[in-house]
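Peer 1: Before I ask anything, here is the structure I am working with.
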Amino acid sequence: MADMTSFIDEVAATPGGEHIRSCIQCGICSGACPAANEMEYPPRKIIAMIRAGMRDEVLSSSSMWHCLSCYMCTVRCPRGVKPTDIAHTLEYLAYQQGFKVKGTTTPVMYQNFVNSIKGNGRVHEVGIMLRYYLTTNPLAALKVLPVGLSLFFHKRLPLLPKGVKGREDLAKIIQKFKEIEARS
Amino acid sequence: MEPRIGVYVCHCGSNIAGTVDCAEVAQFAQGLDSVVVARDYKFMCSDPGQEMIKQDIKELGLNRVVVASCSPTMHEPTYRRVCQEAGLNPYFFEMANIREHCSWVTEDKQMATDKAKALIAAAVRRVYYHQPLETREVPVNPNTLVVGGGIAGIQAALKIADSEHKVYLVEREPSIGGHMAQLDKTFPTLDCSACILTPKMTLVGSHPYIELLTYSEVAEVSGYVGNFKVNIRKKARYVDVDKCTGCSECEKVCPVSLPHEWELKLTQRKAVYRPFAQAVPNAFTIDKRGYPPCRVTCPAGVNAQGYVALISEGKFKEAIEVLRRTMPFAGVCGRVCTHLCETECERGKVDEPIAIRSLKRFMADYELREGREKAPPVELTKEDKVAVIGSGPAGIACAYDLIRLGYPVTIFETAPQTGGLLRYGIPEYRLPNKIVDDEISYVEELGVEIKTNTPVTNLKDVMGRGYKAVFLATGALASQKMGIPNEDAKGVIHALDFLQQVSSGMQVSLGQRVAVIGGGNAAVDAARVAKRLGAKEVSIVYRRSRAEMPAIEIEIEEAEQEEVKLHILVAPVRVLTENDRVNGIECIRMELGEPDASGRRRPVPIESSEFNMEVDNVIMAIGQTVDKAMLPKDLEYTNQGTLSVDSVTLQTNVEGVFAGGDVVSGPADVIKAVAAGKEAAISIDRYLRRVDLKEGRPAPLERVKEVSKEEVEIKSRQSMPVLELGERQDFVEVELGFDEKAAIEEAKRCLNCGVCSECLACIKACEAEAINHDMKDEYEEIEVGNIILTTGFEAFDPTPMYQYGYKRLDNVLTSLEFERLVNSAGPTEGDIVLKDGTHPHSIALIHCVGSRDEKYHEYCSRVCCMYSMKLSHLILEHVPGVQVYEFYIDIRSFGKGYEEFYNRLLNEGINFIRGRPAEITDVAENPEEEGKLIIQFEDTLIGLQRRLPVDMVVLGVGLEAQPDAEAVARLFNVSRSADGFFMEKHPKLDPVATMTDGIFVAGCCQGPKDIPDTVAQALAAAAEVLAMISRGRVEVEASTAVVDERICSGCQICMLVCPYSAVSFDEEKKVCRVNEALCKGCGACVGGCPSHAINLNHFTNEQIMAQMEGMLV
């Protein structure tokens, strides 16, 4: 069992985490969640585990990676807790602290997405999907192939990446963010 | 005597000392001017603390004391007493609040300590200028007012009244009982709510020391503790409570039904109602919300809602009686009225207005078919005879009202038959003469004498024959001329002459082509009559647009159906002739220009757009005017050529001679003529009774403000059956009238805007003669010493919580609705049924609906867990084999026997599920869920999301402050906490007092609570009041206002602003003077005095300036 206090303090200090201590464990978030049954732990339980200081169990779970950002939990919560924002915080913490996540490939997708933007300033769909399926399950790519081809023939899926103007400026922005992140 | 000040700094445990360095502050105080001693101590209010102050006063000769501690509302009385006990005048004491104003509002120790010093310095400077004052005592009025007749009010009232002190219990509903009367059983003992409550209610009703004022509200409160003056509005109930026996015969005959609020709208009640059978007082109440728009709009004030309501109940004979209270023309107006009522009808805002005119006609048709009983002659109680000249609608309406007042009335009519334009102006196919005959003969049967073929041209003749008043209603029969060339040519006829000739059976020969000039009813009538006389081609020529045609729309439509051609925006320029006989008209086209005086856009000729129409006859229908030759001399006329009368009284320039109808207004509607006749009848009656003609005439009716259209189903009006086009050859009536079924269906669409329709059926039914529809609100001023507020709560309305589907999905109920459903005296007599009438197999109850939710109410409503469990138990009792689910977050079963009750429920097999449901839906995901309400939730104790199909859902709604709590709080000058409930003086040590002395709170108006707690509070409030009464006097502040007579200019502004009427004017010295016994020290006069002549003791300018200086130094 990890340190009992520090984990909840850490989450409470992030944007959207302010009201996590007001949670009364009523479960309306999990009841309203369209992905609750896919999750390792439903949102309510994640909050209970954060409060119990179960850092490793929470950050290595797949729960937050299943969040669809529909905000239903946040809208329904009677206490102003923002489980959607907390899920995003947990994703960030898990990635930053190098947790290996079981049962979901979402982190891979996110990583490829961000890399594509870092490079080109915009998303290159073909590149992302290729890398994603190569890293996860190349056979699964067959399932989306018809859609991909259809998009291609409608000229909606360029084969080669096309960068935005001023990529040097973008690089500066990213650099600045990394400095700020390192400081905090 | 030189001031010697002692300063005492309290630590209040760590409350103050935790933030303020008390020792440093005391040391600072020691250095202030005139301070002899300064000390700090852990609890200054404790016995040793008090002793310390007393000892210093005696030993160090202190003559001023400052205590720096908590709020003066908490301990000022304590330290004043300490001073007094040590022989010092209590007003030599001053308090510095270094807790609420200092230590509690910051964590910064340095700043808190600095502020404490400043506050103490201010108090020291102030107390330097204090003067000794004497406190005064005033007697306490032993009467008490209790506001709100729920269980709290009942208990408090009974307890005080039992001590033989008078109690006024004011309740705004028609019965006392409050929410408790709606409940079925009460937790945890399961005793029947009615069984324990109704005996108490009865006791209240019959207690010799309780004056029960139901259906009443407090309008105004003034005065102060021990001496309040309260103005109470007793709403008109229209039933004499003392006479009403509660037999409910009135309810049976009342035709107006509306949702029963007391039954949570699960059933219907009548406009005359009693909320429930055990009501106290056991009397009915008539619900009137104002006058319906139909009645307000009708120029004659016909009570349309009244007869429509009776028709909806199939009471056709009674319905026509309602109409006859106003006028005799059911059949006439049912056919030709311009029905302004329908334009204003509120139902029109939902779908289509009620077909009021057609329903009116239906009543007349029904009576004609069934046969009318002869009207009994009116007993003539008055001696003064009245002459009415003219037997058109105005004359008949006037005679009708006057004969019913008991005046002998004679109508003089020039024509051979009665009815005026009703007979001669409106064609048979619209208004058959037999209808006119019948309705006028009804008036004759009442005793009105009608002399036809009797022109009256000399008023003196009439007066000479003993008539004391005259009503002139001779109409406007002279046709206006157009002023175009050849308009007197052969073949040009005036519409009225034409219609009159046809109507009286004369042969009128027309050519094949007829042009009718004009756009009013006379024009359309003439066109349609011409068509019926065989003219092949009939055209209406009108100079404005179709929308501006004054004729009734349906008449125009029917004319068009009958192939009458409309030439719109066309004006005749000249009549074309050949051998002095019409052979055509020259016309010019028009366009609409700027609006004219009538607000309609003025038609302007288009240049060079002249054209000719070939016609054989021209019928002029451009308007009628008054024929002065037919009228007596001596009368004055307006510029328009109509009779000049007073606009209110309708009196002409000749005394005792009144006039109305077309002769005054120019050509107008039948109903406006009727209205004028009725207005004249009022004037004539007043004239003959020698009452002022203007003063005190009946005021215009006030239209109902808001009409509920909640849950009104869209339903079109019944269509009027009409004669097939091919059959409209002769003068057979075109409209056929509603049959009974259609009439009832149509009448049922009425929204009953005014609620009570004033059909007066209840008056006939009431053997006790308890009903009086003319009651007015009354005000009663009472004097009381104390007031207890027991105004209760409102149940949370879950409609905004979309996810729970309340009012959107069937079989989702609130807990209060379910209380009625499960109650054996409720709408289903305790049978728990679904909307389709079947019994549920599974019911879910959801806790915390609207409670513990920052979006609605943050607080816990305290009763929902327990009442939900109670309902679960009752469900098991009522529906064997049913599955019951309780969705809870935390079970709060904190009272005596409550946890045991929870345990009992667990063992009865109730399924407790921990989790707040996320959604209730009727969208099934599998066959098992079809036709059910599906609850989606997380079972938090398992950690799984689940869906549960059930038949019925009960929402455990919370308690919230009454919607008007803010207004009530302002009325009684009590404060409210953030949750909206009234605030007690101290949450633990003074739970039923408020910050206003003499005003107490008890029950749910102070916060959500169950019945035992409510009763405990009510009795506590009663004890507070009894203590006051028992002592018999109360101390009032010595800080009163004093007028410096040397400065006072005698302007008396202070007298205007004083809320206690404590200032009077000395006529001799011409100065104002404050009566100390009445002054409450509010200071209003001090601020109001323009010459600064008034000072408030203990709040003198000197003291306040010194205090400010001390703060700033």
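The values are calculated or read from the model by the stated rules, or taken from the named source; none is laboratory data. Keep in mind that this is a model prediction, so the values were computed, not measured. All Cβ positions, even for glycine, are placed from backbone atoms using ideal geometry, and neighbour counts span all protein chains on display. In case anyone asks, the SASA skips ligands and DNA or RNA and just uses the protein heavy atoms, side chains included. Shrake-Rupley method; radii C 1.70, N 1.55, O 1.52, S 1.80 Å.
Peer 1: In the stretch B:566-594, what residues are in a strand (DSSP E or B), open to solvent by 80 Å² or more (accessible area, probe 1.4 Å) and over 16 Å from B:M620 (Cα atoms)?
Peer 2: We begin by selecting, within the stretch B:566-594, every residue in a strand (DSSP E or B); these are B:566-568, B:570-578, B:581-594.
Okay, now just the ones that are also open to solvent by 80 Å² or more (accessible area, probe 1.4 Å), so B:574, B:578, B:581, B:589, B:591, B:594.
B:E578, B:R589, B:E591, B:E594 - these are the residues of the stretch B:566-594 that are in a strand (DSSP E or B), open to solvent by 80 Å² or more (accessible area, probe 1.4 Å) and over 16 Å from B:M620 (Cα atoms).
Peer 1: Which fully enclosed strands (runs of 3 or more DSSP E) of the stretch B:44-149 have 2 or more residues being β-branched (V, I, T) and under 26 Å from B:T994 (Cβ atoms)? Break it down into steps so the answer makes sense when it comes.
Peer 2: On the way: elements: B:64-69, B:93-97, B:136-139, B:144-147.
In the stretch B:44-149, the matching strands (runs of 3 or more DSSP E) lie at B:144-147.
Peer 1: For B:L905, which of the numbered conditions (1) within 14 Å of chain A (Cβ to nearest Cβ); (2) surrounded by 19 or more Cβ atoms within 10 Å (Cβ to Cβ); (3) free of Cβ contacts under 8 Å to residues at least 40 places away in the same chain fails to hold?
Peer 2: Evaluating B:L905 over (1) within 14 Å of chain A (Cβ to nearest Cβ); (2) surrounded by 19 or more Cβ atoms within 10 Å (Cβ to Cβ); (3) free of Cβ contacts under 8 Å to residues at least 40 places away in the same chain leaves (1) as the failure.
Peer 1: Which residue, of B:I935, B:I1011, is within 14 Å of another protein chain (Cβ to nearest Cβ) and aliphatic (A, V, I, L, M)?
Peer 2: B:I935
Residue-wise test of (1) surrounded by fewer than 21 Cβ atoms within 10 Å (Cβ to Cβ); (2) in contact (Cβ under 8 Å) with a residue 40 or more places away in the chain.
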{"site": "B:D990", "(1), (2)": "yes, no"}
{"site": "B:M995", "(1), (2)": "yes, yes"}
{"site": "B:C1004", "(1), (2)": "no, yes"}
{"site": "B:A1027", "(1), (2)": "yes, no"}
{"site": "B:S1030", "(1), (2)": "yes, no"}
{"site": "B:E1037", "(1), (2)": "yes, yes"}
{"site": "B:V1042", "(1), (2)": "yes, yes"}
{"site": "B:M1055", "(1), (2)": "yes, no"}
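Peer 1: Would you mind stating whether B:I53 is touching a residue at least 60 places away in the same chain (Cβ under 8 Å) and open to solvent by less than 20 Å² (accessible area, probe 1.4 Å)?
Peer 2: Working: touching a residue at least 60 places away in the same chain (Cβ under 8 Å): no; open to solvent by less than 20 Å² (accessible area, probe 1.4 Å): yes.
Against the criterion (touching a residue at least 60 places away in the same chain (Cβ under 8 Å) and open to solvent by less than 20 Å² (accessible area, probe 1.4 Å)), B:I53 does not qualify.
Peer 1: Tell me which residues, restricted to the stretch B:794-818, are touching a helix residue (DSSP H, G or I) at 6+ places or on another chain (Cβ under 8 Å) and exposed (fewer than 14 other Cβ atoms within 10 Å of the Cβ). Spell out how you get there, then give the answer.
Peer 2: Going through the stretch B:794-818, the residues touching a helix residue (DSSP H, G or I) at 6+ places or on another chain (Cβ under 8 Å) turn out to be B:795, B:798, B:803, B:808, B:812-813, B:815-816, B:818.
Within the stretch B:794-818, B:R808 is the sole residue that qualifies.
Peer 1: Could you please find all residues in the stretch A:23-38 being open to solvent by 20 Å² or more (accessible area, probe 1.4 Å), more than 7 Å from every other protein chain (Cβ to nearest Cβ) and at pLDDT 95 or above? Working first, answer last.
Peer 2: The initial filter retains those residues of the stretch A:23-38 that are open to solvent by 20 Å² or more (accessible area, probe 1.4 Å), namely A:23-25, A:34, A:37-38.
Next, only the ones that are more than 7 Å from every other protein chain (Cβ to nearest Cβ) stay: A:23, A:34, A:38.
Result: A:C23, A:P34.
Peer 1: Let me ask something else about it. Could you say which residue among B:P292, B:P281 is crowded, with 18+ Cβ neighbours inside 10 Å, under 29 Å from B:L816 (Cα atoms) and not charged (D, E, K, R)? Lay out the reasoning, then the answer.
Peer 2: Working: B:P292 fails: under 29 Å from B:L816 (Cα atoms).
None of the others qualify; the one that does is B:P281.
Peer 1: Which residue pairs have Cβ atoms under 6 Å apart, sit 6 or more places apart or on different chains, and have a first residue in the stretch B:412-425 that is within 24 Å of B:A469 (Cβ to Cβ) and a second that is surrounded by fewer than 23 Cβ atoms within 10 Å (Cβ to Cβ)?
Peer 2: As it stands, the answer is B:F412/B:K451; B:F412/B:T454; B:F412/B:V456; B:E413/B:T452; B:T414/B:P455; B:T418/B:I450, since those pairs meet every condition given.
Peer 1: Mind listing just one residue for me: the one in the stretch B:871-883 that is in contact (Cβ under 8 Å) with a residue 40 or more places away in the chain and more than 22 Å from B:S861 (Cα to Cα) and, of those, surrounded by the fewest Cβ atoms within 10 Å (Cβ to Cβ)?
Peer 2: Residues of the stretch B:871-883 that are in contact (Cβ under 8 Å) with a residue 40 or more places away in the chain, as a first pass: B:871, B:873-875, B:878-879, B:881-883.
Subset that is more than 22 Å from B:S861 (Cα to Cα): B:875, B:878-879, B:881-883.
Working: B:I875: 22, B:H878: 16, B:V879: 21, B:G881: 7, B:V882: 18, B:Q883: 18.
The selected residue is B:G881.
Peer 1: A further question on this structure: Within the bounds of the stretch A:53-63, is there any residue that is facing chain B (nearest Cβ under 8 Å), more than 24 Å from B:H847 (Cα to Cα) and part of a loop (DSSP other than H, G, I, E, B)?
Peer 2: Just the residues of the stretch A:53-63 that are facing chain B (nearest Cβ under 8 Å), to begin with: none.
Among the residues of the stretch A:53-63, not one is facing chain B (nearest Cβ under 8 Å), more than 24 Å from B:H847 (Cα to Cα) and part of a loop (DSSP other than H, G, I, E, B), which makes the answer no.
Peer 1: Just for the stretch A:71-90: of the residues that are of a type in the set (A, V, I, L, M) and within 14 Å of chain B (Cβ to nearest Cβ), which one is least open to solvent (accessible area, probe 1.4 Å)?
Peer 2: Start the filter on the stretch A:71-90 by keeping residues that are of a type in the set (A, V, I, L, M), which leaves A:72, A:75, A:81, A:86-87, A:90.
Next, only the ones that are within 14 Å of chain B (Cβ to nearest Cβ) stay: A:72, A:75, A:81.
Working: A:M72: 68, A:V75: 88, A:V81: 4 Å².
The selected residue is A:V81.
Peer 1: Scan B:T791, B:T828 and give me the residue that is surrounded by 21 or more Cβ atoms within 10 Å (Cβ to Cβ), more than 14 Å from chain A (Cβ to nearest Cβ) and in a loop (DSSP other than H, G, I, E, B). Explain how you work it out, then say what you get.
Peer 2: On the way: B:T828 fails: surrounded by 21 or more Cβ atoms within 10 Å (Cβ to Cβ).
None of the other options fit; the residue is B:T791.
Peer 1: If you take just the helices (runs of 4 or more DSSP H) that sit entirely in the stretch B:440-540, which of them hold at least 1 residues that are closer than 24 Å to B:D627 by Cβ, outside the structural domain of B:N579 (by TED's automatic domain parsing) and touching a Pro at 6+ places or on another chain (Cβ under 8 Å)?
Peer 2: Correct list: B:459-464.
Peer 1: Just the residues that are more than 27 Å from A:F177 (Cβ to Cβ) and open to solvent by less than 60 Å² (accessible area, probe 1.4 Å), please, taken from the stretch A:127-149.
Peer 2: Passing the criteria: A:Y133, A:T136, A:A140, A:A141, A:G148.
Peer 1: Could you tell me how many of the residues in the stretch B:727-744 are among the hydrophobic types (A, V, I, L, M, F, W, C) and open to solvent by 80 Å² or more (accessible area, probe 1.4 Å)? Spell out the reasoning first.
Peer 2: If we filter the stretch B:727-744 for residues that are among the hydrophobic types (A, V, I, L, M, F, W, C), which is where we start, we get B:731-732, B:734, B:736, B:738, B:742-744.
From the residues that got through so far, the ones that are open to solvent by 80 Å² or more (accessible area, probe 1.4 Å) too are B:736.
Going through the stretch B:727-744 one residue at a time, the tally reaches 1.
Table: residues versus (1) under 27 Å from B:V822 (Cβ atoms); (2) in contact with a Gly (Cβ under 7 Å, 6 or more places away or on another chain).
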site	(1), (2)
B:A161	no, no
B:E164	no, no
B:V170	no, no
B:S175	yes, no
B:G178	yes, yes
B:Q182	yes, no
B:K185	yes, no
B:S193	yes, no
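Peer 1: Anything in the stretch B:938-976 that is within 14 Å of chain A (Cβ to nearest Cβ) and on the phi > 0 side of the Ramachandran plot? List them, or say none.
Peer 2: Matches in the stretch B:938-976: B:G943 only.
Peer 1: Which one of these is assigned to a helix (DSSP H, G or I), under 30 Å from B:L941 (Cα atoms) and within 14 Å of chain B (Cβ to nearest Cβ): A:I46, A:I50?
Peer 2: On the way: A:I50 fails: within 14 Å of chain B (Cβ to nearest Cβ).
Answer to the selection: A:I46.
Peer 1: Still on this structure, please answer the following. Mind checking which pairs have a first residue in the stretch B:26-44 that is closer than 17 Å to B:N63 by Cβ and without any contact (Cβ under 8 Å) to a residue 60 or more places away in the chain and a second that is among the charged types (D, E, K, R) and open to solvent by 80 Å² or more (accessible area, probe 1.4 Å), Cβ under 8 Å, 6 or more apart or different chains?
Peer 2: Listed by first residue and then by second, the contacts come to B:V36/B:R4.
Peer 1: The conditions are (1) farther than 26 Å from B:K1009 by Cβ; (2) in contact with a strand residue (DSSP E or B) (Cβ under 6 Å, 6 or more places away or on another chain), and B:I875 fails exactly one of them. Which is it?
Peer 2: (1)
Peer 1: On to the next question. Which of (1) more than 21 Å from B:F793 (Cα to Cα); (2) open to solvent by less than 10 Å² (accessible area, probe 1.4 Å); (3) of a type outside the set (F, W, Y) does B:I891 not meet, given it meets every other one?
Peer 2: (2)
Peer 1: Here's another thing I want to ask about it. Regarding B:R862, is this residue open to solvent by 10 Å² or more (accessible area, probe 1.4 Å), of a type in the set (D, E, K, R) and within 14 Å of chain A (Cβ to nearest Cβ)? Spell out the reasoning first.
Peer 2: Details: open to solvent by 10 Å² or more (accessible area, probe 1.4 Å): yes; of a type in the set (D, E, K, R): yes; within 14 Å of chain A (Cβ to nearest Cβ): no.
So B:R862 does not fit the description; no.
Peer 1: Select from the stretch B:908-930 the residues that are within 14 Å of chain A (Cβ to nearest Cβ) and either farther than 20 Å from A:I28 by Cβ or among the acidic types (D, E) (or both) and list them in ascending order. Give the derivation first.
Peer 2: Going through the stretch B:908-930, the residues within 14 Å of chain A (Cβ to nearest Cβ) turn out to be B:912-921, B:923, B:925.
Selection gives B:E919, B:E925.
Peer 1: Could you tell me which residue of the stretch B:940-972 is surrounded by the most Cβ atoms within 10 Å (Cβ to Cβ), considering only residues that are among the β-branched types (V, I, T) and more than 23 Å from B:L809 (Cα to Cα)? Walk me through it before giving the result.
Peer 2: The initial filter retains those residues of the stretch B:940-972 that are among the β-branched types (V, I, T), namely B:940, B:942, B:950, B:953-954, B:957, B:968.
Filter again for more than 23 Å from B:L809 (Cα to Cα), leaving B:940, B:942, B:968.
Numbers: B:T940: 22, B:I942: 12, B:V968: 20.
The extreme case among them is B:T940.
The rows are residues; the columns are (1) of a type outside the set (D, E, K, R); (2) within 21 Å of B:I311 (Cβ to Cβ); (3) modelled with pLDDT of 95 or more.
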| position | (1), (2), (3) |
| --- | --- |
| B:G677 | yes, no, yes |
| B:P698 | yes, no, no |
| B:L701 | yes, no, no |
| B:E706 | no, no, no |
| B:E711 | no, no, no |
| B:R717 | no, yes, no |
| B:V734 | yes, no, no |
| B:K748 | no, yes, yes |
